[in-house]
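Asker: This is the structure, below, for whatever I ask next.
The values are calculated or read from the model by the stated rules, or taken from the named source; none is laboratory data. For clarity, every value in this text was computed on a predicted model and none was experimentally measured. Cβ placement follows ideal geometry from the backbone for every residue including glycine, while neighbour counts extend to all protein chains displayed.
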Amino acid sequence: MQDNIIIKKNAFTMIELLVAIVIVGILLALLLPVIYHLKENAQRGVCINNMRQIGLAWHMYLDDHNGLFPDFKSQFSVAPYYIYGGGDTILYGGFPKENKVLNRYIDDIEVLRCPRDQGDFQGIDNDFEQMGTSYLFNAYTPGGSGGWKPTLNGISIEKVQNAIKTILLIEEPGYNFFGGEDVGIHWHDKKAPYAMTLFIDSHVKYILITNNDEGDEWKFLP
């Protein structure tokens with residue numbers, strides 16, 4: 001009889017169990033956003049490291065080619081901003097990774113993959129898987145005022161007037177929005193077209209792109 005009494009005293013009542021469930025639910029509700037932001041920051045950190053490595057590769061390429069950026073004019077139909085490096089480009093006629101000029105300077109082409117790569121609005125589900133890279137080379141402006149214009153394609157780095165402000169590589173969402181519309185493809189930020197961006201001077205920054213020719217901290221035209 002005494003044992004039975006002890007068991008009843010140590011057992012959870014239904015109310016206590018419900019209270020415990022509510023407390024756990026509240027804790028999860030508080031912790032999940034924190035975990036999400038930690039994961040998001042970690043993925044942005046991966047992008048920053050990726051772009052820094054790609055920036056080093058670009059400057060090694062420029063050192064070997066008298067400061068001249070590659071000229072992709074003859075491959076314009078393949079989308080020149082994808083074919084500088086990385087894996088095989090499958091769409092737009094295709095372009096093999098063996099012919100991508102930057103790959104000889106990169107140890108692992110996985111550095112051209114953004115962990116938040118969600119493709120674009122033109123049927124590409126994942127830029128890296130289908131185009132070979134998550135980061136677009138600033139070969140031509142995708143729009144802005146005056147339509148398509150050559151930017152870094154085939155020019156000398158000496159013609160770049162502001163290396164701190166001129167974009168070298170940018171994630172797909174920033175490139176698309178500069179073309180004139182926010183199509184809702186936001187890799188890191190669900191509310192606005194922010195994009196991880198590598199500049200000519202090799203610094204990397206997470207910036208908000210507008211559909212103007214340039215912003216306070218960035219520009220496409222050299």
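Rundown of residues vs (1) among the charged types (D, E, K, R); (2) surrounded by 14 or more Cβ atoms within 10 Å (Cβ to Cβ); (3) at pLDDT 85 or above, yes/no style:
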residue	(1), (2), (3)
26	no, no, no
31	no, no, no
39	yes, no, no
52	yes, yes, yes
65	no, no, yes
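Asker: Mind checking whether some residue in the stretch 88-104 is touching a Cys at 6+ places or on another chain (Cβ under 7 Å) and surrounded by 18 or more Cβ atoms within 10 Å (Cβ to Cβ)?
Answerer: no
Asker: A further question follows. From the list 124, 109, pick out the single residue that is under 19 Å from residue 48 (Cα atoms) and surrounded by 15 or more Cβ atoms within 10 Å (Cβ to Cβ).
Answerer: That would be 109, the only listed residue that is under 19 Å from residue 48 (Cα atoms) and surrounded by 15 or more Cβ atoms within 10 Å (Cβ to Cβ).
Asker: Taking the residues in the stretch 67-101 that are assigned to a helix (DSSP H, G or I) and either over 17 Å from residue 112 (Cα atoms) or within 22 Å of the chain's Cα centre (by Cα) (or both) as candidates, determine which candidate is modelled with the lowest pLDDT.
Answerer: 76
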